[in-house]
1. Give me the net charge for the shell around residue 147: Cβ to Cβ below 12 angstrom, other residues only, Lys and Arg +1, Asp and Glu -1.
2. Find the lysine pairs in the stretch 30-132 meeting two conditions, Cα atoms under 27 Å apart and a separation of 8 or more places or different chains, and report how many there are.
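Values quoted throughout were computed directly from the atomic coordinates according to the rules given, and no laboratory measurement underlies them. Since the model is a prediction, treat every value here as computed from it, not as a measurement. Virtual Cβ from ideal backbone geometry, glycine too; neighbours counted across all protein chains shown.
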Amino acid sequence: MRILSISMATLLVISIPIGAAQVHTNREKTAVAPDTGQITAAEALHRDMRQLWSDHVFWTREYVIAAVANQPDAKAAAVRLLRNQDDIGKAVATFYGKPAGDQLTALLRQHILIAVDLIDAAKAHDQAKFATLDSKWERNGQEIADLLAKANPNWPRATLADMMKMHLTTTKTEVTARLNGDWEGDVQAFDAVYDHILKMSDALADGIIKQFPERFSGVTSQQSGLK
């Protein structure tokens, strides 16, 4: 029996199940250049963007698993997840300045806090509250798209909005499957979440490289990158 029918919308939700952890390991092996000690600056940016946004969905999943099961580690997962939003904002600030980074962090933290409330509403079978929060989550996703589009002409607003919409949609599918005890569906949903976030992180990195080509003409050490 479905616990809640979650509508389609607009961005984001370990102990990672063993299968999901293996998927992460395998994919990350192909996400970076061979370990030669040096990679191009563009490759470093792609690697670091993927790491930031992978952390975003991994720690979202950790929180979802804990919160749905009322596990005591939910709070610790939420704290770590919120820290990831700070990390993403700081990374953006290296290109667009601290005010822009702080704005993005604030919007991403709102995104996480709304998601927490959405899960609580879903668990309580409160359809009205869920619908209200869902609309708020969509507006937040649109605000994130607006902020990024204004910063970089290589990030069209419509494209960003579509990416955010897909992120929210895949995340809600993941939450729904876990609430309903659909474990196979849950694994498939996280695969979709992860595949999409890699595409999204690559698109963001590509836009930065196009906007600041002079910063990506050389090589860097494997350890260098966004901090």
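1. Numbers: positive: 150, 157; negative: 102, 143, 146.
Net charge around residue 147: -1.
2. Details: 75/90; 75/123; 75/129; 90/98.
Here the count comes out as 4.
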